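Undergrad: To start, I am sharing the structure in question, which I have written as C-alpha cells.
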Amino acid sequence: MQEILGVPAPLLFGQLLIGLINGSFYALLSLGLAVIFGVLNVINFAHGALYMMGAFVAWLLLHHLGIGYWPSLLVAPLIVGVFGIVIERTMLSRLYDLDHLYGLLLTFGLALIIEGTFINFYGVSGQPYAPPEILTGGHNLGFMFLPTYRAWVIVASLIVCIGTWLLVERTRLGAYLRAAVENRELVRAFGINVPLMMTLTYGFAVALAAFAGVLAAPVYTVSPIMGQHLIIVVFAIVVIGGLGSILGSILTGLGIGIVEGLTKTFYPEASSTVVFVIMAIVLILRPNGLFGRPRE
Amino acid sequence: MSIKSVALASTALAALAAMVGAAQADISDNVVKIGVLNDRSGLYADLSGEGSVVAARMAVEDFGGKVGDADIEVVSADHQNKPDVGSSIAREWIDQDGVDVIVDVPTSSVALAVQQVTSEKDTAFLDSGAGSTALTNDQCAPTFVHWTYDTYAMSVGTGKAVVEQGGKSWFFLTADYAFGHQLEKDTSAVVKENGGEVLGSVNHPLSTSDFSSFLLQAQASGADVIGLANAGGDTTNAIKQANSFGIVQGGQKLAALLGFITDVDALGLDVAQGLTLTTGFYWDRTDETREFADRFAEKMNGQKPTMVQAGVYSAVTHYLKAVDEIDDDGGEAVVTQMKKMPINDFFAENGKIREDGRMVHDMYLVEVKSPDQSEGKWDYYNIVKTIPGDEAFQPLDKGSCKLVSN
C-alpha cells in the first residue's frame with residue numbers, strides 16, 4: 001500500500017474528505033458570523049446557541065408535530081431567524097453605537113441563557129434524530145466509505161455559502177449592504193432604510209446558523225451543549241479569515257476543516273488546539289487575517 | 001495588663017479549648033454537611049448532575065433528616081470537569097462552609113485532585129461518578145471510598161465478554177485524560193490475558209463532536225473490536241457516527257467500555273441495540289430497585305437513575321449510618337467505621353469496603369434491548385450475567401495502595 005509520511009494513502013484521502021465535510025459546517029457558521037460582524041459590527045457569541053436551536057427546533061418539529069427533515073430544513077431556520085430578529089430589535093440594536101465589548105457580552109449572556117433553558121428541559125445527553133430514508137447508507141469510494149448524508153452536507157452547505165456570497169457581491173441588495181458597512185450615515189442619506197437592513201441581516205445570518213444546526217442534527221446527537229465548543233472554533237476561523245470578510249470566512253472554514261482532519265491523523269491529541277495555534281500565527285504575521293483589509 | 005484581665009483571658013482560652021476539644025470528639029457544628037460535587041452543565045451532567053443531588057436528598061430524607069440530634073444538610077456545586085475548579089470548591093467547602101463529606105465527583109482528573117484536598121483535611125470522600133482505579137491504588141487515602149464502579153470492573157465485565165464472543169483483536173478510541181488512559185490500560189490487560197491482541201489506539205480530546213477521522217483510523221486497523229475508552233457524549237457521538245460509516249455493517253464490533261443508561265436513551269434503541277455494557281446498577285432488577293427508581297423518577301421528570309445516582313444514595317445512607325454509630329464526622333474515623341459495616345440495600349447485597357477504599361459489590365453484564373423487546377422508555381437492558389464482586393474488582397494483592405498490609 002502506498003504511504004504518505006507513514007500514513008497509508010487511502011486513509012489520508014479519507015481524512016481530507018472528512019476534513020472538507022467538517023469544514024462545510026465551519027464555513028456555514030463562520031459565514032454568518034462574518035456577515036453579522038461586517039454589517040452590524042457585533043461579535044455574535046450567541047451563534048453556537050442559535051445553531052443548537054436550529055437542531056433542536058428540527059427535533060421538536062419531528063417529535064411533536066411529525067414534521068420531517070426536508071420541511072424542517074426550511075422551517076427551522078425561519079423560526080430561529082424570527083427569534084434572531086426579535087433579539088436584534090429588542091436588545092442588540094440598542095448597542096450599535098457602543099464599544100464591541102457590549103455586543104459581545106450581551107450575546108454571550110444570551111447564549112448561556114438559551115443553553116441553560118434547553119438543558120433545564122432536555123438534559124445534556126441529547127436526543128436521537130435519524131437522517132431521512134433517502135440519505136441513509138453510503139458509497140464505497142475505494143479509499144473510504146462515504147455516508148450519503150455526509151456527501152449531502154458538503155453539497156448543501158456549498159450551495160448556501162456560494163448563494164450567500166453571490167447575494168452580497170453580485171446583487172443590488174448586496175451593494176447596499178456593502179455600502180452600509182463602509183458608511184452607514186451616507187447610505188441612509190440616500191433614502192435606504194438601514195436599520196431594517198441590519199435587522200434582516202441579523203435574521204438571515206441567524207437562519208444560516210440554524211440551517212447548519214438542522215444539517216448537523218442527524219450527524220451529532222441533538223444536545224443543548226452541541227454549539228458550546230463550536231463557537232470558539234468558528235470565531236477563531238473568522239479571525240483567521242479576516243473579520244468581516246465573507247469569502248475569507250468560507251475558504252478559511254473549509255481550510256481549517258482539512259487541517260483539523262490532518263491533525264487527527266498525525267497528532268490527534270492536538271486536534272482541538274490546532275486552530276488556535278494557526279490563529280496565533282496568522283495574527284502575528286497578518287493582523288487583519290488572511291483575507292481581511294485594515295479597518296479604520 | 002492587670003491580674004484580673006489575665007485571669008479572664010486565660011479562662012476564655014480554656015473555655016475555647018474545651019469547645020474545640022468537644023467538637024473534635026463529636027459531630028462538628030452539630031451539623032452533618034454533605035457536599036455533592038459534580039458536573040452540572042457539561043457532558044456528564046445527565047449521568048450525575050442534579051440527579052445525584054436528588055439521590056443524596058432522598059437518602060437524607062429516608063434517614064429521617066437527623067443523625068442523633070444533629071441536622072443533615074446537602075449542598076451542591078458544579079466542578080465543570082476541571083480539576084482546578086473542583087479542588088478549589090472542595091477546599092472552600094471544607095475550610096469555610098464546614099462540609100463534612102464530599103460525594104459523587106465524576107471525571108477522574110477532578111476526583112484525583114479532590115482526593116488530595118480531602119485526605120489532607122481529614123474529610124470523607126465518597127466517589128460514585130469517577131472511574132479511575134488510581135483512586136484506590138497509588139492515590140488511595142484512608143478518608144476515601146470508591147462506591148459504584150471503576151475502570152477495572154468495566155474492562156473485566158465488557159472486555160472479557162467481548163473477547164469470549166470472538167472479538168480477539170482490538171483498537172481503542174481513548175478520551176485523552178486520566179480516565180480514558182486508565183480504562184484503555186485496564187482493558188488491554190484483560191484482552192491480552194484472555195488471548196486477544198491490541199492493534200493500536202488513538203487519543204481524542206475530551207468532548208469531541210466529530211469522530212469520523214478517528215473512526216476511519218479504527219476501520220483501517222482492521223481490528224475485530226473498536227473499544228470506546230470514553231464516556232458520556234463522547235461515547236454516544238462515536239457510536240452514532242460509527243453506525244453511519246458502515247463500521248458495524250463492515251463486520252467490526254463496537255465495545256462501549258463505559259456506557260450509562262442515559263447514553264442509551266440519547267442514542268435510541270435503533271442505534272444502541274445489541275451493545276454489551278457493564279453496570280453497577282439497573283433500575284428494573286428487583287422490587288427494591290424499582291421502588292427506588294420510581295420515587296427518583298417522580299422528582300426527575302421521569303428519568304430513571306443511572307448507576308452513579310443510585311450509588312450516591314447508597315453511599316450517603318451508609319455514611320450516615322456510620323456517623324450515627326460513632327457519633328463523629330471526622331473523615332478517617334467515619335470511613336474506618338464504614339469499612340466495618342456490611343452494605344445491604346437495593347444497590348448492593350453484602351457489599352463491603354476494603355482497606356484500599358474499594359466498595360466491592362456485584363456488577364451486571366447487560367445487553368441493550370432491540371426496539372421490539374423494549375416496552376417503553378427506560379426499558380433498555382437484559383441482564384446477561386451477574387459478575388460477583390470478588391471477580392469484578394481488582395484483587396487487593398494486585399493493587400498498589402499503601403494502606404494495604406501484605
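Undergrad: How big is the range B:226-275 along each principal axis, measuring the range of its Cα positions in Å and listing the largest first?
TA: 27, 22, 16
Undergrad: When the convex hull of the C-alpha atoms of chain B is computed, what volume per residue in Å³ does it have?
TA: Hull volume normalised by residue count: 142 Å³.
Undergrad: Next up: How would you rank A:Ile134, A:Ile225, B:Ile247, going from fewest to most other Cβ atoms within 10 Å of each one's own Cβ?
TA: Fewest-to-most Cβ neighbours within 10 Å comes out as A:Ile134, B:Ile247, A:Ile225.
Undergrad: If I build a Gaussian network model for chain B, linking alpha-carbon pairs within less than 10 angstrom, which residue out of B:Gln373, B:Gln394, B:Gln309 has the largest mean-square fluctuation?
TA: Greatest mean-square fluctuation among the candidates belongs to B:Gln373.
Undergrad: Percent of Cα-Cα pairs more than 16 Å apart in the range A:10-126, please.
TA: Summing the P(r) of the range A:10-126 above 16 Å gives 68 percent of all pairs.
Undergrad: Could I ask something else about it? Within the range B:120-222, how many Lys pairs that are eight or more residues apart, or on different chains, come under 23 Å at the alpha-carbon?
TA: Total qualifying Lys-Lys pairs in the range B:120-222 comes to 5.
Undergrad: To check my understanding: the extent here is largest minus smallest coordinate of the Cα atoms along each principal axis. What are those three numbers for the range B:96-139, in Å, largest first?
TA: So the extents along the principal axes, rounded to whole Å, are 29, 19, 13.
Undergrad: List the relative contact order of the range A:3-285 as a percent without decimals, with contacts defined as Cα pairs under 8 Å and 6+ residues apart.
TA: 41
Undergrad: What is the set of long-range amide H partners of B:Val74 at a cut-off below 5 Å, with H atoms built 1.01 Å from backbone N?
TA: Amide H to amide H, under 5 Å and 5 or more residues apart or across chains, B:Val74 pairs with B:Ile34.
Undergrad: I would also like to ask the following. Rounded to whole Hz and in sequence order, give me ³J(HN,Hα) for the range B:297-311 from the Karplus expression 6.51 cos²θ - 1.76 cosθ + 1.60, θ = phi - 60°, writing x for Gly and Pro.
TA: Per-residue couplings from phi come out as 4, 4, 8, 10, 6, x, 6, 7, x, 7, 4, 5, 5, 4, x Hz.
Undergrad: What number do you get for the protein assembly as shown when its Cα radius of gyration is normalised by 2.2 N^0.38 Å, N = residues?
TA: 1.05
Undergrad: While we're here: Can you tell me the relative contact order of chain B? Whole percent, Cα pairs under 8 Å, sequence separation 6 or more.
TA: Value for chain B: 18 percent.
Undergrad: Taking beta carbons within 10 Å but only from partner chains, what does the mean come to for residues A:127-134?
TA: Details: counts 4, 10, 2, 4, 1, 0, 0, 0.
Averaged over the peptide's residues, the number is 3.
Undergrad: Now for a different question. How far is helix B:49-63 tilted off the main Cα axis of chain B, in degrees rounded to 10, range 0 to 90?
TA: Long axis of B:49-63 versus the principal axis of chain B: about 50 degrees.
Undergrad: Still on this structure, please answer the following. Net charge near B:Asn237: determine it from the other residues with C-beta under 12 Å of the C-beta of B:Asn237, scoring Lys and Arg +1 and Asp and Glu -1.
TA: Every neighbour counted, the sum reads -2.
Undergrad: A follow-up question, please. Counting other C-beta atoms within 10 Å, which of A:Phe83, B:Phe144 has the fewest, and how do the rest follow?
TA: A:Phe83, B:Phe144
Undergrad: To continue, here is another question. Near B:Ser76, within a Cβ-to-Cβ distance under 10 Å, what is the net charge of the other residues, with Lys and Arg +1 and Asp and Glu -1?
TA: The answer is -1.
Undergrad: Highest mean first, how do B:352-361, A:26-35 rank when packing is the count of other Cβ atoms within 10 Å averaged over residues?
TA: Result, highest mean first: A:26-35, B:352-361.
Undergrad: Excluding same-chain residues fewer than 8 positions from B:Lys66, which lysines have a Cα within less than 21 Å of its Cα?
TA: B:Lys33, B:Lys321
Undergrad: Another one. Hey, if you drop one equal point scatterer on each alpha-carbon of the range A:3-285 and run the Debye formula without solvent, what base-10 log of I(q)/I(0) do you get at q = 0.06 Å⁻¹?
TA: Relative scattering, expressed as log10 I(q)/I(0), comes to -0.19.
Undergrad: Here's another thing I want to ask about it. What angle, in degrees between 0 and 90 and rounded to the nearest 10, separates the Cα long axis of helix A:148-170 from the longest principal axis of the Cα atoms of chain A?
TA: Between helix and principal axis, roughly 30 degrees.
Undergrad: Taking N as the number of residues in the range B:209-329, what value does Rg over Cα atoms divided by 2.2 N^0.38 Å take?
TA: Values: Rg = 18.6 Å, N = 121, 2.2 N^0.38 = 13.6 Å.
Normalised Rg, Cα atoms only: 1.37.
Undergrad: May I pose another question? How would you rank A:Trp70, B:Trp93, A:Trp152, going from fewest to most other Cβ atoms within 10 Å of each one's own Cβ?
TA: Lowest to highest Cβ neighbour count: A:Trp70, A:Trp152, B:Trp93.
Undergrad: Also, I was wondering about something else. Add -39500 (n - 2.57) for each DSSP H run of 4 or more in the protein assembly as shown, then divide by its residues: what number comes out at 222 nm, to the nearest 500 deg cm²/dmol?
TA: That calculation yields -17000 deg cm²/dmol at 222 nm.
Values quoted throughout were computed directly from the atomic coordinates according to the rules given, and no laboratory measurement underlies them. Because the structure is a prediction, the values reported are computed rather than measured. Methodologically, a virtual Cβ is constructed for each residue, glycine included, from the backbone with ideal geometry; neighbour enumeration extends over all protein chains shown.
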